[in-house]
Every structure is written in structure tokens, then in C-alpha cells.
Amino acid sequence: MKKSSAPAPVTVRTLQAMKQAGQKIVALTAYDAPMARLLNRCGVDVILVGDSVANVKLGYPNTIPVTLDEMIHHTRAVRRGNTRSLLVADMPFLTYEYDPKEAVRHVGRLIKEGGAAAVKVEGPALDAIKALVSAHIPVMGHLGLTPQSVHQLGGYRVQGRTRRSAAQLSQDARRLERAGVFALVLEAVPGPLARRVTRSLKIPTIGIGAGVHTDGQILVLDDLLGFSDEPTPRFVKPYAHLWSAAARAVGRFCGDVRARRFPGPDQTYS
Ligand code: KIV
């Protein structure tokens, strides 16, 4: 049989093997097909269709208003561009927390209609997670700063700074592992706490604003690319400045149109 040279698709087992082998997991968000293709080409392990699509792409003030239909729409777009990365989709606020049966129904739509391979849920939603895992759906957990709880948390703040909240987070992490999550996002927690949690778990942790000792890292793609005019959290490192590059390009186009330099002979059919 001829051997394919295409890299093998990433699965939840790949991530677990990476943790055991001490290899870092690279994760990024994406919300459309071209960016999914780009992340595949760059060898990104996990693509998350984050509910951050709400504020990053859809103009909502936070992640709370995004609907299941909107998440399915973006997950399908990413699915069409993705061939290799593990595709995880976020469950929107109030679609999974209170009724495990409803959680399975909603998640089923993200998987069947959206094409996600796994879903992410925020906080210790243990009943929902257990129901999803027993329906053979891989679930990623998310602790620390959970943006769907922004009103309860009183803003986007670092979590687990007090002894009590650190102990609570560590306990929640172990409960999530026992409930069957295959990986855990730790957002905006002190580095030493993220390190302790990472060491205490068999499943991989993926940090965002959680220091260097988690098993992997995730960022919002638009933050990494500098493709926004909004302020970003301290934990973001922009690797490019696409917003200003785009503004310069659009500005030049405006100038050329107004000065009749565009279209020129090269862009004109004879
Ligand atoms: O919605 C999101 O983008 C997230 C992060 C972990 C980046 O949940």
C-alpha cells in the first residue's frame, strides 16, 4: 500500500500522547475556512471555534449573546477549511449548564451540523459533562477566567489568586478530569497555580494567560495577528500588526480611487 505523506489528523488521543511525551500542544481559535487552512498549513494541533467569535467577529460586547446557530455557522466554515487539526467548538452560554439532556441535544447539533470533533464547556458543569461523555462526545473543560461568567466574576480578572479560590480551582480541575474531560483550558490564572494543576492531572492543560508550564498554549488568532483596534489582555503577545497594515492598505486604495490612479492600465480590460 502507498504511504500517504500527509500528516495524521490530530485526535484527543494525540493530545494525551503529547502530554506523556512532554511535547507542547499548540492551539488557536479560528472562525472561518481560510484561517483554518492557514492554521493547518502551519501545523497547529487544535483549532477552537471559540465563542469569542461573538466579540471578535460578530460585534457583540462579550461572549454571552452568541447563539447555537451562530456557533454552528462558524464551525461549519472552519470544518470546510480544516483537514488536520482537532476541531473543537465552544458551547454558548446557557446551552448546556442546567439540563444534561438539552446539553446532549445542543452539542449533537454542533457535532452533526457543524462538524466539530469535540466541544468545550466553561466551568464545573459536571452533570452536563458526564452526560456528554457517556454519549461518546469528547469534552474539553475550561476553568479560571470563564468569560461567560463575566457578570458574576465582576469583570475579566485573574482567578485563583487567593488560597481559597486556588484550592477550589484545583479541586474543580480534578473533578472535571474524573468526569471525563480530555483536556482543560486554564485561563488567566497565576503561573504557579497552573503548574500545580498541570502536574496533578493526567489530561493535558492548555493555558491562556496561565504561564509557561501548562501542556499547551492557546490564543485568540486575531490577538496573535494584531488584527484588532481594541486593547488586548496582558497575556497576549502580538506576532504581527495586521490591523495597521490593513488600515494602511485601505487608506492607499481610498487615495488612489480619489486621485484616479486606480484602476490603472494593468487592471483595465482593453
Ligand atoms: O472563546 C475563546 O476564544 C476561548 C479561549 C480559550 C481562547 O474560549
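The values are calculated or read from the model by the stated rules, or taken from the named source; none is laboratory data. Note that the structure is predicted; figures quoted are calculated from it, not measured. With ideal geometry, Cβ positions are generated from the backbone for all residues, glycine too; neighbour counts draw on all protein chains shown. Side chains included, ligands, DNA and RNA excluded: accessible areas come from the protein's heavy atoms. Shrake-Rupley method; radii C 1.70, N 1.55, O 1.52, S 1.80 Å.
Output the helices (runs of 4 or more DSSP H) that fall wholly within region 1-74 and possess 3 or more residues being hydrophobic (A, V, I, L, M, F, W, C) and touching a Gly at 6+ places or on another chain (Cβ under 9 Å), or say none. Quick ask: steps written out before the conclusion?
On the way: elements: 12-21, 33-41, 53-56.
Qualifying helices (runs of 4 or more DSSP H): 33-41.
Could you look through region 112-128, keep only residues that are touching a Gly at 6+ places or on another chain (Cβ under 9 Å) and within 15 Å of the ligand (Cβ to nearest atom), and pick out the one that is farthest from V185 (Cα to Cα)?
So in region 112-128, the residues touching a Gly at 6+ places or on another chain (Cβ under 9 Å) come out as 120-125.
From the residues that got through so far, the ones that are within 15 Å of the ligand (Cβ to nearest atom) too are 120-123, 125.
On the way: K120: 9, V121: 10, E122: 9, G123: 10, A125: 14 Å.
Step by step, filter region 112-128, then rank; the result is A125.
Filtering region 1-57 to residues that are open to solvent by 50 Å² or more (accessible area, probe 1.4 Å), among the hydroxyl-bearing types (S, T, Y) and within 18 Å of the chain's Cα centre (by Cα) leaves only T11. Pairing residues of region 243-270 that are open to solvent by 80 Å² or more (accessible area, probe 1.4 Å) with residues that are among the charged types (D, E, K, R), at Cβ distances under 7 Å and at least 6 apart in sequence or on separate chains, gives W243/D229; F262/D256. Considering region 77-102, and only residues there that are open to solvent by 20 Å² or more (accessible area, probe 1.4 Å) and among the acidic types (D, E), the residue that is nearest to the ligand (Cβ to nearest atom) turns out to be E97.
Does N62 meet the test of being away from the ligand (no atom under 15 Å from the Cβ) and open to solvent by less than 50 Å² (accessible area, probe 1.4 Å)? Judged against the criteria, N62 is not a match. Annotation note: of D256, D266, D223, the sole residue that is at pLDDT 95 or above and either within 21 Å of the chain's Cα centre (by Cα) or within 16 Å of T29 (Cα to Cα) (or both) is D223.
Away from the ligand (no atom under 16 Å from the Cβ) and out of contact with any Pro (no Cβ under 8 Å at 6 or more places or on another chain): does that describe A21? Lay out the reasoning, then the answer.
On the way: away from the ligand (no atom under 16 Å from the Cβ): yes; out of contact with any Pro (no Cβ under 8 Å at 6 or more places or on another chain): yes.
Against the criterion (away from the ligand (no atom under 16 Å from the Cβ) and out of contact with any Pro (no Cβ under 8 Å at 6 or more places or on another chain)), A21 qualifies.
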